[in-house]
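To start, the structure under review is shown below, and the notes come after it.
The values are calculated or read from the model by the stated rules, or taken from the named source; none is laboratory data. The shown structure was predicted, so the numbers you read here are calculated from the model rather than taken from an experiment. Note: ideal-geometry Cβ built from the backbone for every residue, glycine included; neighbour counts use all protein chains shown.
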């Protein structure tokens, strides 16, 4: 069955969606069957893969509420092996609506279990918060991937995130583990970036990916064209970094 990876950081602007979209693209490029599940109400992963979230009638919101089966909202991307379960504007209210539902923390896990044998990897792009949607993402995951921007403030909220992960492990899903942290927006000219990397090794001994994603204009531009970096500029430094990250993720299975 496919591995479910939740890409999470409650701080915005750290490369979370960029990592989810481009890791998925390169896993698919390397022959894996990949589903990207966008549960962020901002729907950036959806638009970043060329799906107009403002003009689709149904998405992951209807699936979480039990209105539609997951396979009915899944859409194709530019890549043969890469699919997306899109977010729509309606998802903004899901966190509140889920509160009074039975098994509210496991709504996403339940729907993903129904299709996980169809994919090698299911990647969840989570909201930049620690609300009910993110709890669903954590409870659905086999492993958690944490993008960390190479700046001091990106480390400040890491303790809160780790505490939330610990609560999920202790109360909801003991088997969920931390796949690792990946450093994003790295600037080799900046000494602070190196200091952040050193501090990360203290948080996650043996859990920091060797791949370091550089700060890149091309990575920032690609979503505005509805493309992953693989289809926007495959020769760029950002593209090479995400290909390397995808190979590292695959190597973890060996």
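Among the residues of the range 69-78 satisfying the criterion of being surrounded by fewer than 17 Cβ atoms within 10 Å (Cβ to Cβ) and touching a residue at least 12 places away in the same chain (Cβ under 8 Å), which is nearest to residue 119 (Cα to Cα)?
Selected residue: 71.
Suppose we filter 12, 48, 66 for residues that are surrounded by fewer than 18 Cβ atoms within 10 Å (Cβ to Cβ), closer than 23 Å to residue 241 by Cβ and either modelled with pLDDT under 95 or under 15 Å from the mean Cα position of the chain (by Cα) (or both); which single one remains?
Sole residue among the options that is surrounded by fewer than 18 Cβ atoms within 10 Å (Cβ to Cβ), closer than 23 Å to residue 241 by Cβ and either modelled with pLDDT under 95 or under 15 Å from the mean Cα position of the chain (by Cα) (or both): 12.
Quick check on my filter: what residues within the range 79-89 are under 14 Å from residue 43 (Cβ atoms) and assigned to a loop (DSSP other than H, G, I, E, B)?
If the condition is that a residue be under 14 Å from residue 43 (Cβ atoms) and assigned to a loop (DSSP other than H, G, I, E, B), then 86, 87, 88 are the ones that fit.
Are there any pairs, at least 6 apart or on different chains, whose C-beta atoms fall under 7 Å, with the first in the range 214-241 and on the phi > 0 side of the Ramachandran plot and in contact (Cβ under 8 Å) with a residue 12 or more places away in the chain and the second outside any helix (DSSP H, G or I) and surrounded by fewer than 19 Cβ atoms within 10 Å (Cβ to Cβ), and if so, which?
226/50
Within the bounds of the range 20-34, is there any residue that is within 23 Å of residue 163 (Cα to Cα) and either at pLDDT 95 or above or part of a helix (DSSP H, G or I) (or both)?
Yes.
Please enumerate the residues belonging to the range 61-78 that are touching a strand residue (DSSP E or B) at 6+ places or on another chain (Cβ under 8 Å) and in a loop (DSSP other than H, G, I, E, B).
73, 74, 77
Would you point out the residue of the range 223-247, among those that are in contact with a helix residue (DSSP H, G or I) (Cβ under 7 Å, 6 or more places away or on another chain) and not in a helix (DSSP H, G or I), that is nearest to residue 213 (Cα to Cα)?
The residue in question is 236.
Does residue 58 satisfy the condition of being at negative phi, touching a residue at least 12 places away in the same chain (Cβ under 8 Å), surrounded by fewer than 19 Cβ atoms within 10 Å (Cβ to Cβ) and in a loop (DSSP other than H, G, I, E, B)?
Judged against the criteria, residue 58 is a match.
Return only the number of the condition from (1) assigned to a helix (DSSP H, G or I); (2) out of contact with any helix residue (DSSP H, G or I) (no Cβ under 7 Å at 6 or more places or on another chain); (3) more than 17 Å from residue 171 (Cβ to Cβ) that residue 129 does not satisfy.
The single condition residue 129 does not satisfy is (1).
Regarding the range 180-201, can at least one residue be identified that is touching a residue at least 60 places away in the same chain (Cβ under 8 Å), in contact with a helix residue (DSSP H, G or I) (Cβ under 8 Å, 6 or more places away or on another chain) and under 25 Å from residue 109 (Cα atoms)?
Within the range 180-201, one or more residues are touching a residue at least 60 places away in the same chain (Cβ under 8 Å), in contact with a helix residue (DSSP H, G or I) (Cβ under 8 Å, 6 or more places away or on another chain) and under 25 Å from residue 109 (Cα atoms).
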